[in-house]
Amino acid sequence: MSTTLIEGLCFGEGPRWHEGALWLSDMHAREVLRITPDGTRETVVEVPGWPSGLGWLPGGDLLIVSMTERRVLRYDGSALTVHAELGDLATFHCNDMVVDGSGRAWVGHFGFDIFTQGAERRLASLIRVDPDGTTSLAADELAFPNGTVITPDGRTLIVGETMGACLTAFDVEDDGSLVNRREWAALTGAVPDGICLDADMGIWVASPRSNEVLRVLEGGEVTHRIAMDRGAFACMLGGDDGRTLFTLISGSSIPEQCAEERSAAVVTDRVDVPRAGWP
């Protein structure tokens, strides 16, 4: 049975294990949090637009996706600055992000207004952000690109397509270009939101539709399922040995309900295979 680490969040996204603590975006509280293994909570920085994906530059500065502003922000411990403008490439709110060891980032976006009933569904893209903040189109024709991981050798990027119910892989070239697109795994009865990678190349997938996290291998075999009592929206492996699975759950993803109800939480489970790669 999962153990509750912290409750009373608005809506958690973008969990990362970094320097002995879990970092995450409480999106609809508009703040980035640092949570220690005993559940102590610290507000790192407030973000005017909804914060989502997180990552770090090699020098230690924190990168934060500001969803509604369509920007990547940079936090040096004292001030927020704009690291990259994504509005020319993102057609609606930006979303999750993975940052590799060199500080190169890939950011997804919704593609269309998911909050307006009857809005035309449109495919979206992954945007590459180089360490100097330069942006370029990395991959297009993706159905709501969401959680993303990179293998330990830096050579494979895998992204969850939420509205495609699949995980899609690319080879990563030396310059950060994505090539050789292929289906890594199709999901049945589940949709990928946040994801994380383990050392045996299994991917843990948070599936809000089926209220669970599941571990998937290339080709689609599901090796483990952990049921949740609410929607599972993101997950991350961490802890001192990399074998604690942190899952971000919530009773709603509707912004107004999230802010009012504060039904989101972080729960933990122990797993056999430790974390690997990025994030």
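The values are calculated or read from the model by the stated rules, or taken from the named source; none is laboratory data. These numbers come from a predicted model, not from an experiment. Virtual Cβ from ideal backbone geometry, glycine too; neighbours counted across all protein chains shown.
Give the residue that is surrounded by the most Cβ atoms within 10 Å (Cβ to Cβ), with candidates limited to residues of the range 56-71 that are modelled with pLDDT of 95 or more, of a type in the set (A, V, I, L, M) and touching a Phe, Trp or Tyr at 6+ places or on another chain (Cβ under 8 Å).
Out of the qualifying residues, it is ILE64.
I'd like to verify a number: residues in the range 101-124 that are modelled with pLDDT of 90 or more and either crowded, with 21+ Cβ neighbours inside 10 Å or among the basic types (Lys, Arg) (or both), how many?
Number of matching residues: 7.
What number of residues within the range 252-276 satisfy the criterion of being modelled with pLDDT under 95 and not acidic (Asp, Glu)?
Final tally of qualifying residues: 7.
May I ask you to say which residue of TRP106, TRP17, TRP23 is over 21 Å from ALA265 (Cβ atoms), of a type in the set (Phe, Trp, Tyr) and in contact with a strand residue (DSSP E or B) (Cβ under 6 Å, 6 or more places away or on another chain)?
Unique residue meeting the criteria: TRP106.
Across the range 1-52, what is the total count of residues that are within 15 Å of LEU80 (Cβ to Cβ), of a type in the set (Gly, Ala, Ser) and part of a strand (DSSP E or B)? Before you say what the answer is, go through the steps one by one.
Applying the first criterion (within 15 Å of LEU80 (Cβ to Cβ)) to the range 1-52 yields 25, 30-32, 43-52.
Subset that is of a type in the set (Gly, Ala, Ser): 25, 49, 52.
Within this subset, residues satisfying the condition of being part of a strand (DSSP E or B) are 25, 52.
Summing the residues that are within 15 Å of LEU80 (Cβ to Cβ), of a type in the set (Gly, Ala, Ser) and part of a strand (DSSP E or B) in the range 1-52 gives 2.
Return the residue satisfying two criteria in turn: it lies in the range 213-257 and is in a strand (DSSP E or B) and over 18 Å from the mean Cα position of the chain (by Cα), and of such residues it is nearest to ALA165 (Cα to Cα).
Checked the range 213-257; the qualifying residue nearest to ALA165 (Cα to Cα) is VAL222.
Could you please find all residues in the range 14-55 being closer than 16 Å to GLY238 by Cβ, surrounded by fewer than 19 Cβ atoms within 10 Å (Cβ to Cβ) and out of contact with any Lys or Arg (no Cβ under 8 Å at 6 or more places or on another chain)?
HIS18, GLU19, GLY20, THR36, PRO37, ASP38, GLY39, THR40, listed by residue number.
Look at GLY194 and say whether it is closer than 19 Å to VAL98 by Cα, of a type in the set (Gly, Ala, Ser), touching a Ser or Thr at 6+ places or on another chain (Cβ under 8 Å) and modelled with pLDDT of 95 or more.
no
Test of understanding: among ALA138, ALA199, ALA165, ALA185, which residue is touching an Asp or Glu at 6+ places or on another chain (Cβ under 8 Å) and either among the hydrophobic types (A, V, I, L, M, F, W, C) or free of Cβ contacts under 8 Å to residues at least 24 places away in the same chain (or both)?
Of the residues listed, the single one that is touching an Asp or Glu at 6+ places or on another chain (Cβ under 8 Å) and either among the hydrophobic types (A, V, I, L, M, F, W, C) or free of Cβ contacts under 8 Å to residues at least 24 places away in the same chain (or both) is ALA185.
GLU212: surrounded by 15 or more Cβ atoms within 10 Å (Cβ to Cβ), modelled with pLDDT of 95 or more, within 21 Å of ASN95 (Cα to Cα) and among the acidic types (Asp, Glu), yes or no?
Working: surrounded by 15 or more Cβ atoms within 10 Å (Cβ to Cβ): yes; modelled with pLDDT of 95 or more: yes; within 21 Å of ASN95 (Cα to Cα): yes; among the acidic types (Asp, Glu): yes.
Yes.
When residues of the range 210-237 are filtered for being farther than 17 Å from ALA265 by Cα and of a type in the set (Asp, Glu), how many remain?
Summing the residues that are farther than 17 Å from ALA265 by Cα and of a type in the set (Asp, Glu) in the range 210-237 gives 2.
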